[in-house]
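Scroll down for the structure; my scribbles are underneath it.
The values are calculated or read from the model by the stated rules, or taken from the named source; none is laboratory data. Just so you know, these numbers come straight off a predicted model, no measurement behind them. Here the Cβ positions follow ideal geometry from the backbone for every residue, glycine too, while neighbour counts run over all protein chains shown. With ligands, DNA and RNA removed, areas are computed over all heavy atoms of the protein, side chains included. Shrake-Rupley method; radii C 1.70, N 1.55, O 1.52, S 1.80 Å.
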Amino acid sequence: MTTPPASHSGPQTVPLQAARADAGRYNAAVLALCQGLFTCAISIDLTLTALTGWQLAPDKSLATLPFALITVAGAFVTWFAAFLIQRLGRRWSFALGAASCCVGGLVSVWSVWHGDFWTFCAGTALVGVFQAFAQYYRLAAADAVADEFKGRAVSTVLAGGVIAAIAGPALAAWSKDLFPAVLFAGAYLVVAVMGALSVLVLLLLYRDTAPSPGTVAADAFALAPARPLRRIASTPVFVASVANNVAGSMVMMFIMTAAPLAAVACQHRIDDGAAIIQWHLVGMYAPSFFTGKLIKRFGLGPVLMAGMALNLACAVTAIASTSLPAFYAALLFLGIGWNFMFVGGTTLLARSYTPSEQAKTQGFSELLRYAATALATLGAGPLLARFGWQTLNAAILPVLLLSALATVHWMLKQRAGQPALN
């Protein structure tokens, strides 16, 4: 009599599943440390790059070019990074991205020391390459665990940015005078150090893992042929993921970029504008300690809708008042709302593809997000100058409505029992 093949759910698979779950949690913790180092590095660059560009630019109209190149280089590289990760594995690809930060920081130090604007642009562009690779940390954590733990894995990684979000600007203020003879050179040396530490952490501690058993991708669809990107992009789960990842990030950058300028225009101090952004960064990252638990307890849909409601609260608060407490409250609501939408949207994205579709799906999603946030960053200042703070906040309402509609559509499909990848 022939013995039937063992079921995937048989008892002999339990130790293997437990080992993979432990490996997934371990890697999430390592990536949280890497997220913290990345956030420190990028916070320094974002805090000082515009000022350094103003100091070095041969034409002051070019002063913001090095700052813009961080986003532009990230947008350009993010698609290729997804396929490099698929070919080389996450460990070596992430280490390569971190090495670009180390090189970029050193190039920036040399540029500031020698007063070379165009080389400085090359240095900041290399930091943008690091940013492109670092955006895949959260997805790597989500891919390594079962569906019910994806939200918590993403939250764990983002939680690594909490202390760094506060420490980064303070580190920038301290390190900019590290070499008294050359302003800002010390800060970019710290950026290089953060990149080097990231390389060491990744090579010494991180381990590539296969997709976890028990996920939709690993079980039911692992052997399915890869679908065309246009088909993946038309599924409710992918549309909902984009609606939350892309729209949430676009709204956040749109309001965050304009907030310090608006605060000063409303007769608040420059220091108040900086404090508002620090408070906002706390709102962005601090909820990561419990967002995954909220998703597990209440479900993904309600947490996503709560994120949109908090973004709505940001707009209503900003429209109602331009007092300093209103700025603090609005930017705090914005940060928490982004966190809920970003963690939830990433969780949805990780459920939208099979292993063979991972690179193109992640790359396309990240490309859309980068393009949207770049447009938001570039458009915030001119729109604020022309229409004002209240109108700027009102402009995010249609975006939030579209996000809500896409999310509700996915929730209805889920309740109707439609498979996740259809």
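The table that follows gives values for the structure above.
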read-out: Listing of helices (runs of 4 or more DSSP H) fully contained in the stretch 88-168 that carry 3 or more residues being of a type in the set (A, V, I, L, M, F, W, C), buried (at least 22 other Cβ atoms within 10 Å of the Cβ) and modelled with pLDDT of 95 or more; value: 90-114, 117-134
read-out: Residue within the stretch 337-348 that is open to solvent by 10 Å² or more (accessible area, probe 1.4 Å) and farther than 19 Å from ALA243 by Cα present; value: no
read-out: Test: LEU312 is under 18 Å from the mean Cα position of the chain (by Cα) and open to solvent by 10 Å² or more (accessible area, probe 1.4 Å); value: no
read-out: Every residue from the stretch 323-372 that is more than 25 Å from ALA165 (Cα to Cα) and of a type in the set (Ser, Thr, Tyr); value: SER352, TYR353, THR354, SER356, THR361
read-out: Residue in the stretch 22-34 that is surrounded by 23 or more Cβ atoms within 10 Å (Cβ to Cβ), closer than 30 Å to THR119 by Cβ and modelled with pLDDT of 75 or more present; value: yes
read-out: Test: ILE42 is modelled with pLDDT under 95 and touching a Cys at 6+ places or on another chain (Cβ under 9 Å); value: yes
read-out: Verdict on LEU294 being open to solvent by 30 Å² or more (accessible area, probe 1.4 Å), more than 23 Å from LEU375 (Cβ to Cβ) and hydrophobic (A, V, I, L, M, F, W, C); value: yes
read-out: Considering residues of the stretch 171-182 that are open to solvent by 40 Å² or more (accessible area, probe 1.4 Å) and among the hydrophobic types (A, V, I, L, M, F, W, C) only, the residue farthest from GLN278 (Cα to Cα); value: ALA181
read-out: Residues of the stretch 47-62 that turn out to be crowded, with 18+ Cβ neighbours inside 10 Å and under 19 Å from ALA172 (Cα atoms), as a count; value: 6
read-out: Some residue of the stretch 391-410 being in contact (Cβ under 8 Å) with a residue 24 or more places away in the chain, under 16 Å from MET256 (Cα atoms), open to solvent by 20 Å² or more (accessible area, probe 1.4 Å) and touching a Gly at 6+ places or on another chain (Cβ under 7 Å); value: no
read-out: Residue within the stretch 57-77 that is within 24 Å of the chain's Cα centre (by Cα) and closer than 30 Å to GLU148 by Cα present; value: no
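Condition check ((1) in contact with a helix residue (DSSP H, G or I) (Cβ under 8 Å, 6 or more places away or on another chain); (2) among the β-branched types (Val, Ile, Thr)) across all residues:
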position	(1), (2)
THR291	yes, yes
LYS296	yes, no
ILE319	yes, yes
LEU324	yes, no
PHE327	yes, no
LEU332	yes, no
SER352	yes, no
SER356	no, no
LEU368	yes, no
